[in-house]
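For reference, the structure is listed below as structure tokens.
The values are calculated or read from the model by the stated rules, or taken from the named source; none is laboratory data. Keep in mind it's a predicted model, so treat the numbers as computed, not measured. Cβ coordinates were reconstructed from backbone atoms using ideal geometry, including for glycine residues, and neighbour counts include every protein chain displayed. Ligands, DNA and RNA are excluded from the accessible area calculation, which covers all protein heavy atoms including side chains. Shrake-Rupley method; radii C 1.70, N 1.55, O 1.52, S 1.80 Å.
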Amino acid sequence: MSFQIHLLPAFADNYIPLIADLDLGLAMVVDPGDAAVVDRTLKEHNLSLTLILNTHHHNDHIGGNQKLAHDYGAPIIAPTQERGRIKDITRGVVQGDTVTFSTLRGDVIETHGHTSGHISYYFPALKALFCGDTLFSLGCGRLFEGTAPQMWESLKRLRSLPDDTQVYCAHEYTLANAKFATAVDPDNQALKDRVAEAKALRKNNTPTIPTLMGVEKATNPFLRADDPTFAKRLNKMGLAATGTDAAAVFGGLRAAKDRFKAA
Ligand code: ZN
Ligand code: FE
């Protein structure tokens, strides 16, 4: 079986991943905020939509659900814990559940924090992670509903995936995130390299997504809250002054980013 992952730009900075089974002409979509964008791609490639996956209830992720479900008869799989906030869910899923698209198996990973029920989907055969608004390249989602310890647990779960995992984040935030990452970690050569690469890509309007888990582990400050050397540096900067507890360091870092204004 051969599969192809399209990354569809939507709204100002969203990406909608559409996974196609080229042999059978089937497709699955993750977080279709905009039905028209998805519909156009399906028609262009002569694909039939057989599955809709949602990571969380924000409208830029679910806005196209109902039109696509209606037009294609595709079921909607979404977090059980957000049932009340996502309409017409066919199947609710929780940590440890699996979803199936064609011959592919996807693992549901609980990644609460951005919202109270946020989940991510990991497809080992594709080496692909669809993590919505939890992990971004060089950043992470805002804590709208969850706590810092929750989000830190979520990021640790994602960080445990193989380094060659392709990370499909839902927004093009890399260059904006780069400013804060560089401010808190100015001597990190891997970060400098990633920022240079991202700048070159954005110059040509090319997505910086997917990013690689191995690259994020080396460059994303939010994945490094339990690195003692890094925590010490943040302490010195007056961020994350709460000592060495990784969740507290993470919380301090997240709060600092919320306040951060790039010079
Ligand atoms: Zn969101
Ligand atoms: Fe979003």
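Would you mind giving the average projected area, over all directions, of the Cα convex hull of the range 134-259 in nm² with one decimal? Present the calculation step by step, with values, prior to reporting the outcome.
Values: hull surface 28.7 nm².
Mean projected area for the range 134-259: 7.2 nm², to one decimal.
Shape verdict for the range 78-187, please, from the Cα gyration tensor: rounded (a/c under 1.5), prolate (a/b greater than b/c) or oblate. Cα axes put the range 78-187 in the oblate bin.
Ignoring lysines fewer than eight residues from K156 along the same chain, the ones with Cα atoms less than 16 angstrom from its Cα are K217.
Helix 189-203 and the longest principal axis of the C-alpha atoms of the chain enclose an angle of approximately 40°. Taking every protein chain into account, the 1.4 Å probe leaves T211 with about 10 Å² of accessible area, to the nearest ten.
Backbone phi angles across the range 91-101, fed through the Karplus curve with coefficients 6.51, -1.76 and 1.60 (θ = phi - 60°), yield HN-Hα couplings of 9, x, 10, 10, 2, x, 6, 10, 10, 10, 10 Hz in residue order; Gly and Pro are listed as x.
Along the positive direction of the dipole of the range 139-263 (beta-carbon charges: Lys, Arg +1; Asp, Glu -1; about the Cα centre), which of F180, Q166, N220 reaches farthest? So the residue we want is F180. In straight-distance terms, cross-link reach from K87 covers every one of the aspartates and glutamates whose alpha-carbon lies under 18 Å from its own, apart from those fewer than eight places away in the same chain; here that gives D31, D34, D60, D71.
Where only protein heavy atoms count, and the probe is 1.4 Å, what is the accessible area per residue for the range 96-238 in Å²? Write down the numbers at each step before the final one.
Details: 5720 Å² over 143 residues.
Normalised by residue count, the accessible surface of the range 96-238 is 40 Å².
Kindly identify the range 1-109 as rounded, prolate or oblate by the Cα gyration tensor criterion: order the square roots of the eigenvalues as a ≥ b ≥ c, call it rounded if a/c is under 1.5, otherwise compare a/b with b/c, prolate if a/b is larger, else oblate.
On the way: a/c = 1.65, a/b = 1.17, b/c = 1.40.
Judged from the Cα gyration tensor, the range 1-109 comes out oblate (a/c at least 1.5, b/c at or above a/b).
The C-alpha atoms of the chain define a longest principal axis, and helix 174-184 lies at about 20 degrees to it.
Rounded to the nearest 5, what % of the DSSP beta bridges within the chain are antiparallel ones?
Working: 28 of 41 bridges.
Antiparallel: roughly 70 percent of the beta bridges in the chain.
What is the magnitude of the charge dipole of the range 1-117 about its Cα centre, with +1 placed on the Cβ of each Lys and Arg, -1 on the Cβ of each Asp and Glu, and no other charges, expressed in debye to the nearest 20? Spell out each step's value before the answer.
Numbers: 8 positive and 14 negative charges, 50 e Å.
Dipole size: approximately 240 debye.
For the peptides 90-97, 131-138, the ranking by packing is 131-138, 90-97, with the highest mean count of neighbouring Cβ atoms within 10 Å listed first.
Classify the range 57-96 from the C-alpha gyration tensor, please: rounded if a/c falls under 1.5, else prolate or oblate depending on whether a/b exceeds b/c. Here the range 57-96 falls in the oblate category.
Annotation: average projected area of the chain is 13.4 square nanometres, based on the convex hull of Cα atoms across all directions.
Kindly express, to the nearest 10 degrees and within the range 0 to 90, the angle between helix 35-44's C-alpha long axis and the longest C-alpha principal axis of the chain. Helix 35-44 sits at roughly 60 degrees to that axis.
Phi-derived couplings, Karplus 6.51 cos²θ - 1.76 cosθ + 1.60 at θ = phi - 60°, listed residue by residue for the range 221-227: x, 6, 8, 10, 5, 9, 8 Hz, with x used for Gly and Pro.
In whole percent, how big is the carbon plus sulfur part of the accessible area of the chain, probe 1.4 Å, protein atoms only? In the chain, the share of accessible area belonging to carbon and sulfur is 51 percent.
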